[in-house]
Each structure stands twice: as C-alpha cells, then as structure tokens.
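Sending over a structure as structure tokens; questions will come in a sec.
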Amino acid sequence: MKTEPKSAQGAGRETRDRYCSFVGLDCNGQAQRLVALLRRYIDDPARTNGFWQLFARKLAAETGPSHDALFLIHAHLNILREQLEMHDDTAALALLDQIEIECC
C-alpha cells in the first residue's frame, strides 16, 4: 500500500511513481535544492549543531567515502526530518517528503 506524508497529500500534483520510472523526477536537482535550504542551518553558527557539522563534512567529503547529496539525504532522512521539525521549516520538510516519496 502506497502512502504519502501529510505535506504531500492533496497537493494537487500528479502522482509520479519511482517504481515505474525515474524519468522526469530530477532527484539530483531536488537533492541540491534541499541542500541549499539546509545551508541556513549548516553555515549559521547560531543554528548549527553536531549533526549539521557532521553532515557538512560528509557533503564536502572531508573524511571517508564521497557520496552525492541524494545518497546523504536518504541515509539521514529521519534525523533531517527531526532537525527540520525542530525549526518548523515547512518548506524544507515538504521538499524532504517529496524526495522521500519520489527518489528514495
């Protein structure tokens, strides 16, 4: 059974199914847009924390293996959601939900 997060329900968009095709989903573009939104937490000393610092190091591939933004978002989906909920960042949460549904 396919379910959608609350922020994606009733959004008036056509339903796209990643199990049929990734064509037209622009998963890498969506991931880059989310990373741009996350920069306000990563780069702001008043908002950053240990998680954001670690996530930034992983994005920059300073240590360990190099992964793209989509992989890192997928691997940290739950903590990203938790961090964004703490800041009530509805725009970033909506994009995170969309990435989860369409790309992960």
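Values quoted throughout were computed directly from the atomic coordinates according to the rules given, and no laboratory measurement underlies them. It should be emphasised that the depicted structure is a prediction, and the values quoted were computed from it without experimental measurement. FYI the Cβ positions are ideal-geometry reconstructions off the backbone, even for glycines, and counts take in every protein chain you see.
If you plug each phi of the stretch 69-80 into the Karplus form 6.51 cos²θ - 1.76 cosθ + 1.60 with θ = phi - 60°, what whole-Hz ³J(HN,Hα) values come out, in order, with x for Gly and Pro?
Residue by residue, the stretch 69-80 yields 4, 4, 4, 5, 5, 4, 5, 10, 3, 5, 6, 4 Hz.
Put a dot 7 Å past each Cα toward the Cβ at N78 and D26; how far apart are the dots in nm?
The modelled label-to-label distance comes out at 3.1 nm.
Listing L93, L77 from the residue with the fewest other Cβ atoms within 10 Å to the one with the most, what is the order?
L77, L93
Whole-Hz Karplus ³J(HN,Hα) for the stretch 83-95, in order, using 6.51 cos²θ - 1.76 cosθ + 1.60 and θ = phi - 60°, x for Gly and Pro?
Taking θ as phi minus 60°, the curve returns 5, 5, 5, 4, 9, 6, 8, 5, 5, 5, 5, 5, 5 Hz for the stretch 83-95.
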